[in-house]
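Report on the following structure.
The values are calculated or read from the model by the stated rules, or taken from the named source; none is laboratory data. Small disclaimer: the values here were computed from a predicted structure and weren't measured. Cβ placement follows ideal geometry from the backbone for every residue including glycine, while neighbour counts extend to all protein chains displayed.
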Amino acid sequence: MSDVYLRAASASGEELWSTFEPIFSRIAEDNVERERTRTHPHDQVRWLKDAGFGTLRIPKEDGGFGASLEQTFALLAGLATADPNVAHIFRNHLAFVEDRLNAPRSATNDIWLKRFLSGAFVGGGWTEADNVTLANIVSTVTARDDHWVVSGAKYYATGSLYADWLDVIGSDDQGELRTALVRADDPGVELVDDWRGFGQRTTASGSARYREVRADDGDVFPAADRFVYQAHFYQTAMLSVLTGITHAALRDGTARLTARSRNYPQGLTEIPSDDAQLLQVIGQVSAYAFAADAALARSSRTLDDVAVARAEGRDEHVDRLVLDAEVAVTQAQLVIIAAALDATTEVFDALGASGVSEEFGLDRHWRNARTLASHNPRVYKARILGDWIVNGKSPVSNIAALGRGGQGN
């Protein structure tokens with residue numbers, strides 16, 4: 001058995017869904033209005049924090065739910081069906097919890113688990129502002145006496161407005177990358193909600209500026225020590241949100257077709273919900289949702305394989321399992337993005353002109369899906385997979401070569 005916090009999953013799906021599905025339903029109630037008015041979901045995030053959503057992966061013996069990664073990402077997709085903004089807000093937090101679960105047991109890491117269990121929430125982002133990559137990073141994490149000082153500017157700081165702690169990456173005096181957790185209410189932190197994307201508009205994915213912000217010694221870690229499947233975790237979290245959006249398009253498309261009272265002259269029946277061609281559209285959208293679910297579950301299980309190997313101390317198997325995960329997550333990305341974009345476009349074919357009414361807000365599904373799908377370049381993914389299948393070139397090498405750090409942006 002390894003000395004890390006990871007343990008075999010012990011939560012039942014029934015327990016997890018009975019706890020969180022009622023909260024998801026509450027979150028869904030005002031989703032259209034929040035989208036329309038760009039109202040930030042502070043209450044909705046708090047409901048989830050209070051219910052322990054941020055502790056899903058912490059083992060039961062340490063006070064959490066003991067969920068597997070497959071269960072966690074399925075729940076994240078369920079949350080995204082209710083509100084994809086809220087689901088995306090949890091991405092950085094869940095990833096940092098996973099990182100601490102992969103860390104050796106210590107007094108410092110015990111403190112972090114207690115913080116998580118008390119409801120502390122982590123946001124932030126690693127992407128450098130002004131188109132600077134991690135290969136030539138400008139942000140700094142500098143040792144000073146008995147603490148560290150963080151300075152720099154970031155963008156895509158998802159979840160920052162909802163956070164107690166911010167996860168920042170910078171270079172130290174020796175040029176090594178370090179991640180620092182700083183308090184969001186530090187006077188040197190400036191958070192600006194200047195995200196201008198046409199989707200995911202309430203995720204607080206804008207700018208974060210750090211001016212001489214203190215980080216305590218126990219809250220700074222070598223970036224090289226971050227958990228080995230970090231990039232895959234971030235990507236799968238995003239795929240969970242896209243899967244949820246696909247289900248939301250199916251839900252809302254079905255409701256709008258059922259509500260239609262008249263058909264076009266070319267229609268096959270007077271009542272639209274009896275028209276075989278319109279029913280075919282909804283049936284196809286349901287197949288997209290099925291494909292997304294299947295791809296998400298399959299790729300999530302490969303991450304569970306890595307986590308279980310880490311928990312059992314079988315580190316000699318980890319590299320091979322990470323390769324399997326890279327292939328599966330990349331395949332899932334191609335399947336799920338296509339499913340989400342097709343579903344959120346084709347569903348309108350069943351709805352007529354009334355389906356584009358701002359009252360229903362169905363455009364949000366395509367806008368949100370297109371925004372998430374733009375975070376990581378799927379245009380390269382099929383080529384990378386083909387190079388692996390035909391020529392045996394490892395797709396894992398592409399991650400290190402990117403120089404952007406594993407948050408999937």
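A few points about this structure:
- Among the residues making up segment 110-133, those that are under 17 Å from residue 178 (Cα atoms) and buried (at least 17 other Cβ atoms within 10 Å of the Cβ) are 122, 123, 124, 125, 126, 127, 128.
- Flag if residue 158 is modelled with pLDDT under 95, under 22 Å from the mean Cα position of the chain (by Cα) and of a type outside the set (D, E, K, R): yes
- Options 13, 54: the member that is touching a His at 6+ places or on another chain (Cβ under 9 Å) and of a type outside the set (Phe, Trp, Tyr): 54
- Of the set (1) in contact (Cβ under 8 Å) with a residue 60 or more places away in the chain; (2) out of contact with any Phe, Trp or Tyr (no Cβ under 7 Å at 6 or more places or on another chain); (3) assigned by TED's automatic domain parsing to the domain that holds residue 155, all apply to residue 190 but (1).
- Listed by first and then second residue, the pairs linking a residue in segment 329-355 that is over 30 Å from residue 230 (Cβ atoms) to a residue that is of a type in the set (A, V, I, L, M, F, W, C) and part of a loop (DSSP other than H, G, I, E, B), with Cβ atoms under 8 Å apart and 6 or more places separating them unless they lie on different chains, are 347/362; 348/362; 351/362; 355/362.
- Of the criteria (1) assigned to a helix (DSSP H, G or I); (2) in contact (Cβ under 8 Å) with a residue 40 or more places away in the chain, which one residue 317 fails: (2)
- Scanning segment 180-192 for residues that are modelled with pLDDT of 95 or more and either among the β-branched types (Val, Ile, Thr) or not in a strand (DSSP E or B) (or both) gives 182, 184, 185, 186, 187, 188, 189.
- The residues in segment 344-376 that are over 30 Å from residue 89 (Cβ atoms) and either exposed (fewer than 12 other Cβ atoms within 10 Å of the Cβ) or outside the structural domain of residue 326 (by TED's automatic domain parsing) (or both) can be counted, and the count is 1.
- Some residue of segment 356-366 being part of a helix (DSSP H, G or I), touching a Phe, Trp or Tyr at 6+ places or on another chain (Cβ under 6 Å) and closer than 18 Å to residue 81 by Cα: no
- Only listed residue being in contact (Cβ under 8 Å) with a residue 24 or more places away in the chain, in contact with a Ser or Thr (Cβ under 7 Å, 6 or more places away or on another chain) and part of a helix (DSSP H, G or I), chosen from 70, 35: 70
- Qualifying residue in segment 39-55 (condition: in contact (Cβ under 8 Å) with a residue 24 or more places away in the chain, in contact with a helix residue (DSSP H, G or I) (Cβ under 8 Å, 6 or more places away or on another chain) and closer than 22 Å to residue 373 by Cβ): yes
- Scanning segment 175-206 for residues that are out of contact with any helix residue (DSSP H, G or I) (no Cβ under 6 Å at 6 or more places or on another chain) and β-branched (Val, Ile, Thr) returns 182, 189, 192.
- The C-beta contact set for segment 283-298 (first residue farther than 15 Å from residue 329 by Cβ, second residue among the charged types (D, E, K, R) and in a helix (DSSP H, G or I), distance under 9 angstrom, 6+ apart or interchain) comprises 284/342; 284/346; 285/342; 285/346; 288/342; 288/346.
- Selection status of residue 254, among the β-branched types (Val, Ile, Thr) and either without any contact (Cβ under 8 Å) to a residue 60 or more places away in the chain or farther than 30 Å from residue 300 by Cβ (or both): yes
- Filtered residue count, segment 1-14, keeping only those that are touching a residue at least 40 places away in the same chain (Cβ under 8 Å) and assigned to a helix (DSSP H, G or I): 1
- Total residues in segment 1-50 satisfying the condition of being of a type in the set (A, V, I, L, M) and more than 19 Å from the chain's Cα centre (by Cα): the figure is 7.
- So residue 379, is it among the β-branched types (Val, Ile, Thr), touching a residue at least 24 places away in the same chain (Cβ under 8 Å), assigned to a helix (DSSP H, G or I) and surrounded by fewer than 22 Cβ atoms within 10 Å (Cβ to Cβ): no
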